[in-house]
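Okay, structure first, notes after.
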Amino acid sequence: MARWVVARAEDVPPGEHKRVEAGGRPIALFNLGGEFFAMVDKCPHQGGSLCAGTISGHVTSPEPGVYHYARRGEMVRCPWHYWEFDIRTGQSWFDPAKTKVRQYPAHVESGAQLQQGPYKAETLPVTIEDNYVVIEA
């Protein structure tokens, strides 16, 4: 699986979101209380940018005139037709069994971890003999 560094963690504070690119794909990156979530920045309905949408919670109503607002800041609503998606899972609320936005794993790594990476350079022993540099291969 390919990996992309897309933003500094401090550039997306808790409760905020940012449009980034990973492998040439537009990605909507969300910070929910220090936990990062990434999804394709494209509504599956007609392609509206989810990053341009409204961030809200989930409203339920057990009966007329009674409303419950929960999960504040965990839903994104497409700006074109108001389809709602769960930021944590990508699932829609109108058809969770069939409609979903593709999610990507997102997490924070320190700069030292990224610099170290899985990279291994080939090294050769070096010695100095009478002012000549000798490399042993």
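Every read-out reported here was derived from the displayed coordinates using simple, explicitly stated rules and does not represent laboratory data. Since the structure is predicted, the reported quantities are computational estimates derived from the model, not experimental observations. Virtual Cβ from ideal backbone geometry, glycine too; neighbours counted across all protein chains shown.
So, counting K/R as plus one and D/E as minus one, what does the shell of residues with Cβ under 12 Å around GLY34 add up to? Mind dumping the intermediate values first?
Numbers: positive: none; negative: GLU10, GLU16, GLU35.
So the surrounding residues net to -3.
Pull out a ≥ b ≥ c, the square roots of the eigenvalues of the alpha-carbon gyration tensor of region 6-119, then state rounded if a/c is under 1.5, prolate if not and a/b is larger than b/c, and oblate in the remaining case. Each step should come with its number before you reach the end.
Values: a/c = 2.50, a/b = 1.78, b/c = 1.40.
Taking the square roots of the gyration eigenvalues as a ≥ b ≥ c, region 6-119 is prolate.
Provide the gained length on full extension for the span SER49 to THR99, in nm with one decimal, where the gain is 0.36 nm per separating residue minus the Cα-Cα distance. Intermediate results must be reported in sequence, preceding the final value.
Details: separation 50, 0.36 × 50 = 18.00 nm, distance 1.62 nm.
In short, 16.4 nm is gained.
With θ set to phi - 60° and the Karplus curve 6.51 cos²θ - 1.76 cosθ + 1.60, what are the ³J(HN,Hα) couplings of region 89-99 in order, to the nearest whole Hz, using x for Gly and Pro?
10, x, 6, 7, 9, 8, 8, x, 6, 10, 10
Please report the net charge: other residues with Cβ closer than 15 Å to the Cβ of ARG25, K and R +1, D and E -1.
On the way: positive: ARG3, LYS18, ARG19, LYS42, ARG102; negative: GLU21, ASP41.
Around ARG25, the charge tally is +3.
Applying a 10 Å radius around every beta-carbon, put 72-78, 56-62, 18-24 in order of their mean neighbour count, most first. Walk me through the numbers on the way to the answer.
Details: 72-78: 19.3, 56-62: 11.6, 18-24: 13.4.
So the order, starting with the most tightly packed, is 72-78, 18-24, 56-62.
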